[in-house]
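Only one structure is covered here, and it is reproduced in the block below.
The values are calculated or read from the model by the stated rules, or taken from the named source; none is laboratory data. Please read all numbers here as calculations on a predicted model, not as lab measurements. FYI the Cβ positions are ideal-geometry reconstructions off the backbone, even for glycines, and counts take in every protein chain you see.
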C-alpha cells in the first residue's frame, strides 16, 4: 500500500511526465473544425447543446463526423472513456469502425475482442489528457451498453434505424449522467421511431437539445444526377426521408388518421363520474390495459372518448394486476383477449375483475375501428399515455423495397400490446355493450369537462356531428350491437 506521501509524489511525477510529453509533441486544438466540413456540418459542429441531433439525407456527411467529435470531446472533457454506437454489430464493422480507424490512424490501437480503441501516450499528450479510449457498441443490444462510464460522451450513429432500440438510448443517457457528458445523434430518418419522439420532437422549446437538418445535396461531392435519379425511383415520402432528411409520414402507417396536434390532449384530471371502459391484452410477460372515458353529451352514435390511463406490466399474478387496476377506478365494462383465451378471462373473473370476450375477433376490423374514431374526432388520448402514443405512431404494415404496402402483415405486431388492448376496448364500444347506463342527450353538455379537453375540442371544431362513423361500419361488418 502506498502512503499519502508516496501517492503525492507519484501524482507529481505523472503530471511532470504529461507536461514533458505535451511540450515534446505539441497540443493540437481539436475544437477547430476540419477544413473539409461543409456549411451544414459547421453549423452542427458549433452547437453547445447537451444533445445534438443531425438528421440528414444519405451520404450527406454524418458518420464521418463521429471520429472528430470524439477527439474534440475527449480533449474538452479531460480524456477517459466514451462510446460510439452503431445499430448492429455488422453495420459497425462495415461502416462506423473503418471510418474511425482511418481518422485515428497512428493514434493508438484497436482491440477487437474488447471493441475498444485506446489512444497512445503521445496521442493523449497531443490532446492534453493523461489517457483516453473509445468503446464501440451496437444499439440492438442494450446490455452491451451497460457497466461503464461515458466521461467524454456518446455518439449514436444511424440511430434512426429500426434495430437501434429505445432501451439503448436510455442506457446511454444513464452512462452520461454522472459526468453530464454530451450525446450526438447522426442519422437519416429511416422511419418514425423513438428517435423522432424522444429526441427530435422534444427539442422544440428546449435549449439542451439542438436538431440540424440537411439534405444529401449539402455534401458538395454528392452527384446531382444521382439525386434526380432517386427522385424517379422512390415514392415521394421515401425520397424525402432518405435524401432530404425529412420526417415524412411513411407509407404503411396503420393509424394514418392519428394526428397528435388534434388527438393528444394535455394532461388533466378526468372527472370521477365519467363512465369508463377498459381493454386488456393478456400475457405472462406483457399484460397491457387501457382505460377509455366517455365524454358526457351527445348521443351514442356520436359519443366521444378519451384514453385516460394505460398500463403495461409483466411477470405478475392476476391479483397483482387487479390491485394495480383498482387504483385507476372501477369500469363499467372490460373487454380483452382472443376467443381462445377464456382461461385468462376466468382467472380475472375469479379475482373479482370480470373481462368480457370482445364482440369481434377480426383484428383488421378493430384497427380500422380505431382509425375511424380518430378520423371522426371521437377518440382522444391524454398526453400522459406516452407509451400508447408512441405505439400509435410506430405501428405499420410491412412495406416492400418497391414501396408497396402489404396490408396483411404488420411489422413486429407482437410488440404492440397497448394497441391490442385499445383495439379490444374500441371493439367493445362498437359492440354497444360498454356504456349502458350513460346519460343519453341530444345536445352538447360540456359543463363539467376539464379545461384542457374543452379547449382542444373547441380548437378543432367541436359540435361537428358524425353520421358516417362506426355505427355504419360495424353494421356493414356484421358486428352484433
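Overview of values
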quantity	calculated
Test: residue in region 80-90 that is over 23 Å from residue 176 (Cβ atoms), modelled with pLDDT under 95 and under 28 Å from the mean Cα position of the chain (by Cα)	yes
Lone unmet requirement of (1) more than 30 Å from residue 452 (Cβ to Cβ); (2) buried (at least 17 other Cβ atoms within 10 Å of the Cβ); (3) in contact (Cβ under 8 Å) with a residue 60 or more places away in the chain; (4) in contact with a helix residue (DSSP H, G or I) (Cβ under 8 Å, 6 or more places away or on another chain) for residue 217	(2)
Identity of the residue in region 2-29, surrounded by 13 or more Cβ atoms within 10 Å (Cβ to Cβ) and modelled with pLDDT under 65, that ends up farthest from residue 178 (Cα to Cα)	25
Residues that are in a loop (DSSP other than H, G, I, E, B) and touching a strand residue (DSSP E or B) at 6+ places or on another chain (Cβ under 6 Å), drawn from region 226-253	245, 251, 252
Residue that is farthest from the chain's Cα centre (by Cα), among those in region 406-440 that are in a loop (DSSP other than H, G, I, E, B), at pLDDT 80 or above and at negative phi	411
Selection from region 207-225 of residues that are more than 18 Å from residue 43 (Cβ to Cβ) and outside any helix (DSSP H, G or I)	221, 223
Residue 351 closer than 18 Å to residue 422 by Cβ and assigned by TED's automatic domain parsing to the domain that holds residue 268	no
Single condition residue 37 does not satisfy, out of (1) modelled with pLDDT of 95 or more; (2) touching a helix residue (DSSP H, G or I) at 6+ places or on another chain (Cβ under 8 Å); (3) over 30 Å from residue 231 (Cβ atoms); (4) in a loop (DSSP other than H, G, I, E, B)	(3)
Hits in region 322-341 - residues which are in a loop (DSSP other than H, G, I, E, B) and either touching a strand residue (DSSP E or B) at 6+ places or on another chain (Cβ under 8 Å) or surrounded by 15 or more Cβ atoms within 10 Å (Cβ to Cβ) (or both)	328, 329, 330, 331, 332, 337, 338, 341
All positions within region 139-149 that are surrounded by fewer than 23 Cβ atoms within 10 Å (Cβ to Cβ) and outside any loop (DSSP other than H, G, I, E, B)	142, 143, 144
Some residue of region 142-156 being within 26 Å of residue 238 (Cβ to Cβ) and touching a helix residue (DSSP H, G or I) at 6+ places or on another chain (Cβ under 6 Å)	no
Any hit, region 30-43, residues being surrounded by 23 or more Cβ atoms within 10 Å (Cβ to Cβ) and assigned by TED's automatic domain parsing to the domain that holds residue 153	yes
Condition check for residue 172: modelled with pLDDT of 95 or more, surrounded by 18 or more Cβ atoms within 10 Å (Cβ to Cβ) and outside any helix (DSSP H, G or I)	no
Breaking point among (1) part of a strand (DSSP E or B); (2) farther than 18 Å from residue 358 by Cβ; (3) more than 27 Å from the chain's Cα centre (by Cα), for residue 319	(1)
Scope region 175-206; condition buried (at least 19 other Cβ atoms within 10 Å of the Cβ), in contact with a strand residue (DSSP E or B) (Cβ under 9 Å, 6 or more places away or on another chain) and not in a helix (DSSP H, G or I); matching residues	181, 182, 183, 184, 185, 186, 187, 188, 189, 191, 192
Of all residues making up region 290-316, the number that are within 30 Å of the chain's Cα centre (by Cα) and assigned to a loop (DSSP other than H, G, I, E, B)	3
Selection status of residue 134, in a loop (DSSP other than H, G, I, E, B) and surrounded by 15 or more Cβ atoms within 10 Å (Cβ to Cβ)	no
Any hit, region 89-103, residues being assigned by TED's automatic domain parsing to the domain that holds residue 173, surrounded by 15 or more Cβ atoms within 10 Å (Cβ to Cβ), within 18 Å of residue 175 (Cα to Cα) and touching a strand residue (DSSP E or B) at 6+ places or on another chain (Cβ under 7 Å)	no
Residue that is surrounded by the fewest Cβ atoms within 10 Å (Cβ to Cβ) [pool: residues in region 104-114 that are touching a helix residue (DSSP H, G or I) at 6+ places or on another chain (Cβ under 8 Å) and under 21 Å from residue 149 (Cα atoms)]	110
